[in-house]
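The values are calculated or read from the model by the stated rules, or taken from the named source; none is laboratory data. Since we're looking at a predicted model, the values are computed, not measured. A quick note on method: Cβ atoms are made from the backbone with ideal geometry, for glycine too, and the neighbour counts reach across all protein chains shown. For accessibility, only protein heavy atoms count, side chains too; no ligands or nucleic acids. Shrake-Rupley method; radii C 1.70, N 1.55, O 1.52, S 1.80 Å.
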Amino acid sequence: MLLERIEALKAQIAELQANNEEALEALRIKYLSKKGEVTALFNEFRNVPAEQKREFGQRLNELKTLATEKINALRDSCKAGESKAAKIDITRPAAAEEIGTRHPLTLVRKEIIRIFERLGFTLADGPEVEDDLHVFTSLNFAADHPARDMQDTFFIASDENDVTRNIVLRSHTSSVQSRVMLSSQPPIRIICPGRVYRNEAITARAHCFFHQIEGLYIDKNVSFADLKQVLLYFAKELFGPETKIRLRPSYFPFTEPSAEMDVSCMLCGGKGCSFCKNTGWVEILGCGMVDPNVLDACGIDSKEYTGYAFGVGVERITNLKYMVKDLRMFSENDVRFLREFETAH
Ligand code: PHE
């Protein structure tokens, strides 16, 4: 009888659980206190016949050790649980969410777009993987124009006999102007922001991709003076009201006449400094009157309509506004560089 009770208690004690000090104390009292169940068995020990005392004594001691160890073990795990709970400071503010910053190129692209939107230009878009027609042929590039060469343009197929050879990564956003002209009639007043690709070695001053914003305005009686006024407004909005512009004759296959535009140096105000190589001017874009050949190639009557186009490099403008010296910074995603633009929003 007594033996069975000892075994039953052992089994019970092995299963004990307590997850706080009070529950644990209750268990201790239940089994090990003066009136506890283990102690009660000890009290019965004296009724055991002498020849069995040895065995019972051993069993009882085992039971007591088991109960004591079990309760100690439960106490240890209770304490560990409590100290873990104590480490959670619920009054502590949550870790701040890291908020990203706008990329400098995005900031400048948006700023440029906003300026032209105020002048009534709307946005147009086109694919980065283009065909020869939109990038070159419709834009009056002669068949042997060097821009078509492998050195400048990424061809999707390198084999000259491959039928996909006329698929290229666009080398300028002017491809969007030919798309819009081919699919709509004047008045056309659009700006086309986008990424362009050129097969150049990557250095501080050149990259195999960069961003442009193309502008195109076609209507009756559009003149070079209109172009000049729009670009002057653009330069003043972008670099400040004191900014002056200058147009130098240039050449593009799709504009005639063509020009490159300089703005007065934003560092020295035009007096001449090391930044503008003492000229007082820095170049910012290419522009011109849309060549009548281009209008006709795109289904727009060049006797009725004239137009101007311009193309701005977004990296170029960003470099000038924020004095970024190395083009590679724009695509390396170094957060220390990007964080510098936190306040520029
Ligand atoms: N597409 C020319 C370039 O990439 C820029 C340009 C656009 C020039 C429109 C004139 C008119 O260099």
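Considering only residues that are among the aliphatic types (A, V, I, L, M) and open to solvent by less than 10 Å² (accessible area, probe 1.4 Å), look in segment 296-314 and name the one that is nearest to the ligand (Cβ to nearest atom).
That would be Ala309.
Hey, could you check segment 217-272 for residues that are charged (D, E, K, R) and assigned to a strand (DSSP E or B) and say which is farthest from Ile115 (Cα to Cα)? Please lay out each step first, then the result.
Step one: of segment 217-272, the residues charged (D, E, K, R) are 219-220, 226, 228, 236-237, 242, 244, 246, 248, 256, 260, 262, 271.
Filter once more, so that each one left must be assigned to a strand (DSSP E or B): 219, 246, 248, 256, 260, 262.
On the way: Asp219: 20, Arg246: 19, Arg248: 23, Glu256: 25, Glu260: 20, Asp262: 18 Å.
Within segment 217-272, the match that is farthest from Ile115 (Cα to Cα) is Glu256.
Can you go through Arg205, Arg195 and tell me which one is of a type outside the set (Ser, Thr, Tyr), away from the ligand (no atom under 11 Å from the Cβ), surrounded by fewer than 19 Cβ atoms within 10 Å (Cβ to Cβ) and modelled with pLDDT under 95? Walk me through how you get there before you give the answer.
Numbers: Arg195 fails: modelled with pLDDT under 95.
Only one candidate qualifies: Arg205.
Find the residue count for segment 251-292, including only residues that are at positive phi and crowded, with 21+ Cβ neighbours inside 10 Å.
Selection size over segment 251-292: 1.
Quick check on my filter: what residues within segment 102-130 are within 24 Å of Val168 (Cα to Cα), open to solvent by 40 Å² or more (accessible area, probe 1.4 Å) and in a strand (DSSP E or B)?
Passing the criteria: Leu123, Val129.
Could you check segment 43-82 and list, in sequence order, the residues that are of a type in the set (Ser, Thr, Tyr) and either in contact with a Ser or Thr (Cβ under 7 Å, 6 or more places away or on another chain) or open to solvent by less than 60 Å² (accessible area, probe 1.4 Å) (or both)?
Thr68
Which ones in segment 315-338 are without any contact (Cβ under 8 Å) to a residue 40 or more places away in the chain and open to solvent by 20 Å² or more (accessible area, probe 1.4 Å)?
As a first pass, look at segment 315-338 and keep what is without any contact (Cβ under 8 Å) to a residue 40 or more places away in the chain: 316, 319, 323, 329, 332-337.
Result: Arg316, Asn319, Met323, Met329, Glu332, Asn333, Asp334, Val335, Arg336.
Go through segment 132-165 and count every residue that is at pLDDT 85 or above, over 32 Å from the mean Cα position of the chain (by Cα) and open to solvent by 40 Å² or more (accessible area, probe 1.4 Å).
Qualifying residue count, segment 132-165: 4.
Within the set of pairs 6 or more residues apart or between chains, which connect a residue that is touching a residue at least 40 places away in the same chain (Cβ under 8 Å) inside segment 299-310 to a residue that is among the acidic types (Asp, Glu) and within 16 Å of the ligand (Cβ to nearest atom) with Cβ atoms less than 8 Å apart?
Pairs that qualify, where the first residue is touching a residue at least 40 places away in the same chain (Cβ under 8 Å) and the partner is among the acidic types (Asp, Glu) and within 16 Å of the ligand (Cβ to nearest atom), are Tyr308/Asp226; Ala309/Glu214; Phe310/Glu214.
For segment 292-327, name all the residues that are aromatic (Phe, Trp, Tyr) and modelled with pLDDT of 95 or more. Lay out the reasoning, then the answer.
Here is the first cut: in segment 292-327, the ones aromatic (Phe, Trp, Tyr) are 305, 308, 310, 322.
Answer for segment 292-327, where residues must be aromatic (Phe, Trp, Tyr) and modelled with pLDDT of 95 or more: Tyr305, Tyr308, Phe310.
Name the pairs: first residue in segment 149-175 and farther than 12 Å from Tyr197 by Cα, second residue within 12 Å of the ligand (Cβ to nearest atom), Cβ to Cβ under 6 Å, at least 6 apart or on different chains?
Matching pairs, first to second residue: Ser174/Leu139; Ser174/Glu214; Ser175/Val135.
Quick check: anything in segment 208-223 more than 14 Å from the ligand (Cβ to nearest atom), within 30 Å of Asp144 (Cβ to Cβ) and surrounded by fewer than 18 Cβ atoms within 10 Å (Cβ to Cβ)?
There is at least one residue in segment 208-223 that is more than 14 Å from the ligand (Cβ to nearest atom), within 30 Å of Asp144 (Cβ to Cβ) and surrounded by fewer than 18 Cβ atoms within 10 Å (Cβ to Cβ).
Looking at segment 22-31, is at least one residue modelled with pLDDT of 85 or more, open to solvent by 90 Å² or more (accessible area, probe 1.4 Å) and over 60 Å from the mean Cα position of the chain (by Cα)?
yes
Take the residues of segment 251-295 that are under 33 Å from the mean Cα position of the chain (by Cα), more than 16 Å from the ligand (Cβ to nearest atom) and without any contact (Cβ under 8 Å) to a residue 24 or more places away in the chain: which is farthest from Leu232 (Cα to Cα)?
Ranking the qualifying residues of segment 251-295, first place goes to Phe275.
Looking at Leu247, Leu227, Leu232, which is the one that is in the same structural domain as Gln177 (by TED's automatic domain parsing), more than 30 Å from the chain's Cα centre (by Cα), over 23 Å from Asp326 (Cβ atoms) and within 11 Å of the ligand (Cβ to nearest atom)? Break it down into steps so the answer makes sense when it comes.
Values: Leu247 fails: within 11 Å of the ligand (Cβ to nearest atom); Leu232 fails: within 11 Å of the ligand (Cβ to nearest atom).
After applying the criteria, what remains is Leu227.
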